[in-house]
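Quick notes on the structure that follows.
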Amino acid sequence: MQTLSFDIQHQLNTLQSQQALELYAQAICLELHGMDLEPEKVQRLLQTVVDWRYGVYALSAGEVVGIAGFQQPSGSFTGAGNWRSILKALGYKAFWRLMRSPLNHGPQHFADSEMWHNGLYVAPAHRRQGIAKALLQRIADVAKYQGYQQLTLRVAHDNNTAKTLYQTLGYQPQQATSAYQCLTKIVLN
């Protein structure tokens, strides 16, 4: 396998934003596979809810190949929309399917000292080349730079590959729900 050269950055130009939207739509379509949402509705949803300022991006040869978002009291990668704008983007039937899905975590409550990791996706052709690890490290750097003491995330119980990666990077298991396990990493002592 050829090693991929990539850079991690915080800002995207217009073309890269469109690439990131399409890449993240792939991730959401996989997550919502049982909900029968059309890709166009998923893209409209993401155009409504994603705030690109709360993300870091892996680029290779100018193309977005990985995305990781975060959430803090000032805003969230997937928190730009409200229920009315989401309803408008999806339509009534799809909106209620989404509201009943595991993706709807409800309001996020966290301590002032805590930043949440909020979504990670690497294009399938670019996996196992260190991109996810680099994105997660950059989010930890952002958290530390901004004075947060810990970084927390949710991972599906059946996503053993992701759980192994997170634990390799120092995340420790915390509370769990029926669908997700929370993991926390101390970034500032």
Worksheet entry | Residue that is surrounded by the fewest Cβ atoms within 10 Å (Cβ to Cβ), among those in segment 19-62 that are at pLDDT 90 or above and among the polar types (S, T, N, Q) | Ser60
Worksheet item: Here are some residues: Ala176, Ala140, Ala156. Which one is touching a strand residue (DSSP E or B) at 6+ places or on another chain (Cβ under 8 Å), of a type outside the set (D, E, K, R) and within 28 Å of Ala61 (Cα to Cα)?
Response: Ala140
Worksheet item: If you check every pair at least six apart or on different chains, which have Cβ atoms under 9 Å apart with a residue in segment 45-71 that is of a type in the set (D, E, K, R) first and a residue that is outside any loop (DSSP other than H, G, I, E, B) and at pLDDT 90 or above second?
Response: Asp51/Gly69; Glu63/Gln16; Glu63/Gln19
Worksheet item: Among the residues of segment 2-14, is any under 15 Å from Val122 (Cα atoms), modelled with pLDDT of 80 or more, hydroxyl-bearing (Ser, Thr, Tyr) and loosely packed, with under 14 Cβ neighbours inside 10 Å?
Response: yes
Item to complete: Could you tell me which residue of segment 77-124 is modelled with the lowest pLDDT, considering only residues that are within 18 Å of Ala25 (Cβ to Cβ), in contact with a strand residue (DSSP E or B) (Cβ under 8 Å, 6 or more places away or on another chain) and among the small types (Gly, Ala, Ser)?
Response: Gly79
Practice prompt. Can you give me the number of residues within segment 139-189 that are closer than 22 Å to Arg53 by Cβ, part of a loop (DSSP other than H, G, I, E, B) and either among the β-branched types (Val, Ile, Thr) or out of contact with any Leu (no Cβ under 8 Å at 6 or more places or on another chain) (or both)?
Written response: 3
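The values are calculated or read from the model by the stated rules, or taken from the named source; none is laboratory data. For clarity, every value in this text was computed on a predicted model and none was experimentally measured. Note: ideal-geometry Cβ built from the backbone for every residue, glycine included; neighbour counts use all protein chains shown.
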